[in-house]
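The structure under discussion appears below in the form of structure tokens.
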Amino acid sequence: MKNIRSLSRDEIKAFFEKKGGQSFRAKQIYEWLWKKSVRSFEEMTNLPKATREMLNENFSIHAVAIAESQTSKDRTLKNAFRLYDGNIVEGVLIPTENRMTACISSQVGCSLTCSFCATGRLERLRNLDADEMYDQVAIIRKQAEEKYGIPLSNIVYMGMGEPLLNYKNVLESVEKITSPEGLGMSPQRITVSTAGIAKMIKKLGDDKVKFNFALSLHAANDKKRNKIMPINEQNSLEDLADALKYFHDKTGTRVTYEYIVFKDFNDDILDAMELEKFCRVVPCKVNIIEYNPIDNSEFRQTTDARLKKFVSYLESKRVIINVRRSRGKDIDAACGQLANKNKAILSE
Ligand code: SF4
């Protein structure tokens, strides 16, 4: 059966016209589906019973459900979301002092095999639809309010998957999340992140997107980057720099670089110097992220002393830096740790 949320409002209207009238119902139904986020036709209480039955006979709603939630000692909340076809993805609520951030997934698994990332060890099974990304945000938003009494403030597309390999659906989900007919959130509160696909970064520029954009850089040296992110072999730092200039010219947006610090791999002063040089490509800021070792990983967390030296160097060169301590480590919710570790819920 057709997923009703893959239809636009006009398409729902056309369906009613074909069925002999009541096209004004399209507005009501659209509102229930998106703004009010109901997940069954029975809940659409201002529709006559016959209309609800007709919808049930013709459409399904691909609702996302919570299969399991775990709360970390630092209040980070990790959800395993069950999709309509039984697949599981993960989405995290990260409460910090001044933010409530939802980190959501864009694909089931990932095809990009970054060596430090648990998701990269899972096969990519499929792209998520726009409504599935929207639902993750709607659910996490509710959790933020119910559990912590604070509204959701930010959304990052940094969970499982490479968002720019699911370009159309990701942009459609952002459109729904920001629309007054959806969740009405500001695009400036949304960050889409990529492992670095130059062609698609340019496309973001052509589409003049209004959300924030982050590049998972992790090394400003091709040899090192090839080692940890095989996507760099076809998208070298030179290609990325080109694409970033193009993106910045078109959008005027300051780019964020994510940089996970691995002990004795990318935490030396020489690495900081290379990073500083790359930071001159376009206006940017850098999030320095503490590494969370995953099982059987060749990488280790850096020491405080090395981190301090690394950060001081960049600060001395006036690079805008944020050091991010990892959140949700005890429940494998931290950066690069999302991997459906609890396989039991997959077979429920
Ligand atoms: S870091 Fe991102 S792009 Fe790389 S394997 Fe993990 S989920 Fe995929």
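The values are calculated or read from the model by the stated rules, or taken from the named source; none is laboratory data. Quick caveat: nothing in here was measured; it's all calculated off a predicted structure. A quick note on method: Cβ atoms are made from the backbone with ideal geometry, for glycine too, and the neighbour counts reach across all protein chains shown. These area figures cover heavy atoms from the full protein model, side chains too; ligands, DNA and RNA do not enter into them. Shrake-Rupley method; radii C 1.70, N 1.55, O 1.52, S 1.80 Å.
Considering only residues in segment 169-193 that are part of a strand (DSSP E or B) and within 16 Å of the ligand (Cβ to nearest atom), the one that is surrounded by the most Cβ atoms within 10 Å (Cβ to Cβ) turns out to be Val192. When segment 213-239 is filtered for residues that are away from the ligand (no atom under 12 Å from the Cβ) and under 20 Å from the mean Cα position of the chain (by Cα), only Phe213 remains. Just so you know, in segment 148-168 the residues that are in a strand (DSSP E or B) and among the β-branched types (Val, Ile, Thr) include one that is surrounded by the fewest Cβ atoms within 10 Å (Cβ to Cβ), and it is Val156. Quick one: would you say Leu204 is closer than 30 Å to Asp222 by Cβ, in contact (Cβ under 8 Å) with a residue 40 or more places away in the chain and either within 14 Å of the ligand (Cβ to nearest atom) or open to solvent by 30 Å² or more (accessible area, probe 1.4 Å) (or both)? No: the conditions fail for Leu204. The set of residues in segment 291-320 being more than 17 Å from Leu270 (Cα to Cα) and surrounded by 18 or more Cβ atoms within 10 Å (Cβ to Cβ) consists of Tyr291, Asn292, Ile294, Phe299.
Within segment 273-294, the set of residues being over 23 Å from the mean Cα position of the chain (by Cα), assigned to a loop (DSSP other than H, G, I, E, B) and not β-branched (Val, Ile, Thr) comprises Cys279, Arg280. For Thr251, the conditions (1) within 28 Å of Leu307 (Cβ to Cβ); (2) open to solvent by 30 Å² or more (accessible area, probe 1.4 Å); (3) among the β-branched types (Val, Ile, Thr) are fulfilled apart from (1). With respect to the conditions (1) of a type outside the set (Phe, Trp, Tyr); (2) part of a helix (DSSP H, G or I); (3) within 16 Å of the ligand (Cβ to nearest atom), Ile260 falls short on a single one, namely (2). All told, Ser106 meets the bar of being in contact with a Pro (Cβ under 7 Å, 6 or more places away or on another chain) and within 16 Å of the ligand (Cβ to nearest atom).
Residue by residue, here is whether (1) of a type in the set (S, T, N, Q); (2) crowded, with 21+ Cβ neighbours inside 10 Å; (3) away from the ligand (no atom under 16 Å from the Cβ); (4) under 19 Å from Ser173 (Cα atoms) holds:
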site: Trp34; (1), (2), (3), (4): no, no, yes, yes
site: Ser40; (1), (2), (3), (4): yes, no, yes, no
site: Leu47; (1), (2), (3), (4): no, no, yes, no
site: Arg52; (1), (2), (3), (4): no, no, yes, no
site: Glu57; (1), (2), (3), (4): no, no, yes, no
site: Gln70; (1), (2), (3), (4): yes, no, yes, no
site: Thr76; (1), (2), (3), (4): yes, yes, yes, no
site: Thr96; (1), (2), (3), (4): yes, no, yes, no
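Working only within segment 208-235, note down all residues that are of a type in the set (S, T, N, Q) and under 12 Å from Cys114 (Cα atoms). Across segment 208-235, the qualifying residues are Ser216, Asn226, Asn232. When segment 33-48 is filtered for residues that are of a type in the set (A, V, I, L, M) and outside any loop (DSSP other than H, G, I, E, B), only Leu33 remains. Residues that are over 16 Å from the mean Cα position of the chain (by Cα) and either at pLDDT 95 or above or among the basic types (Lys, Arg) (or both) are absent from segment 185-193. One residue stands out among those in segment 110-123 that are in contact (Cβ under 8 Å) with a residue 40 or more places away in the chain, surrounded by fewer than 21 Cβ atoms within 10 Å (Cβ to Cβ) and not hydrophobic (A, V, I, L, M, F, W, C): the one that is nearest to the ligand (Cβ to nearest atom), which is Thr113.
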